[in-house]
Amino acid sequence: MALQENDPLVNQEAISLRQFKDRDIVTIADRSRLRGRIDAAFMAENVRPRRIFESTASVTALSMANAGLGVAIVDPATASGMSIKGMTVRPLAERIPFFFGVIKPGGHILSPGLAALSEALKAVATQRLSGFRLHGRASSEIIEEALCGYDPALRS
């Protein structure tokens, strides 16, 4: 998540969703799988933001937050990969799963260029994304969670 440098929460190591009660947030549009996980996390904490501003792109949501519309809750890859003057990135205390991946047909070898890209993605994600986990060959449960939003941690 990202917030303006003058926000009262900026000095905290990790920020809980409970601290967004009655605050404005900026996030991605409702049709994304990540947005469903964000909404489920707010529901699990029994927190309702004052207003939710939406964007179809995380970069735009960060710009909206920078303009003062609220605190941005976007994917961690974009938040940690962007350097926006006046904004600070902090982790959320609650776990909200975010997935990205390199998918190839089974039994096929990646071209040298795609193999290098895959290794670069893995290296940057390991360095920048707290809690990053590499799933070699994905199980059907991991794929279901990534594509459909299933997350056992958020189900009761």
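The values are calculated or read from the model by the stated rules, or taken from the named source; none is laboratory data. These numbers come from a predicted model, not from an experiment. Heads up, the Cβs are rebuilt from the backbone with ideal geometry, glycines too, and the neighbour counts pull from every protein chain shown.
The set of residues from the range 35-68 being in contact (Cβ under 8 Å) with a residue 60 or more places away in the chain, surrounded by 16 or more Cβ atoms within 10 Å (Cβ to Cβ) and part of a loop (DSSP other than H, G, I, E, B) is empty. Of all residues in the range 102-122, none satisfies being under 16 Å from Leu34 (Cα atoms) and not polar (S, T, N, Q). Residues that are aliphatic (A, V, I, L, M) and not in a loop (DSSP other than H, G, I, E, B) were ranked within the range 1-32; the one that is farthest from Leu92 (Cα to Cα) is Ile28.
Would you please name the residue that is surrounded by the most Cβ atoms within 10 Å (Cβ to Cβ), looking only at residues in the range 91-140 that are β-branched (Val, Ile, Thr) and part of a loop (DSSP other than H, G, I, E, B)?
It comes out as Ile96.
Restricting attention to the range 1-52, the residues being among the acidic types (Asp, Glu) and either in contact with an Asp or Glu (Cβ under 9 Å, 6 or more places away or on another chain) or on the phi > 0 side of the Ramachandran plot (or both) number 4. Among the numbered criteria (1) assigned by TED's automatic domain parsing to the domain that holds Leu17; (2) exposed (fewer than 13 other Cβ atoms within 10 Å of the Cβ); (3) modelled with pLDDT under 85; (4) of a type outside the set (Gly, Ala, Ser), which single criterion is violated by Leu147? With (1) assigned by TED's automatic domain parsing to the domain that holds Leu17; (2) exposed (fewer than 13 other Cβ atoms within 10 Å of the Cβ); (3) modelled with pLDDT under 85; (4) of a type outside the set (Gly, Ala, Ser) applied to Leu147, the lone miss is (1).
Taking the numbered list (1) of a type in the set (S, T, N, Q); (2) free of Cβ contacts under 8 Å to residues at least 24 places away in the same chain; (3) crowded, with 19+ Cβ neighbours inside 10 Å in turn, Ser32 passes all entries but (3).
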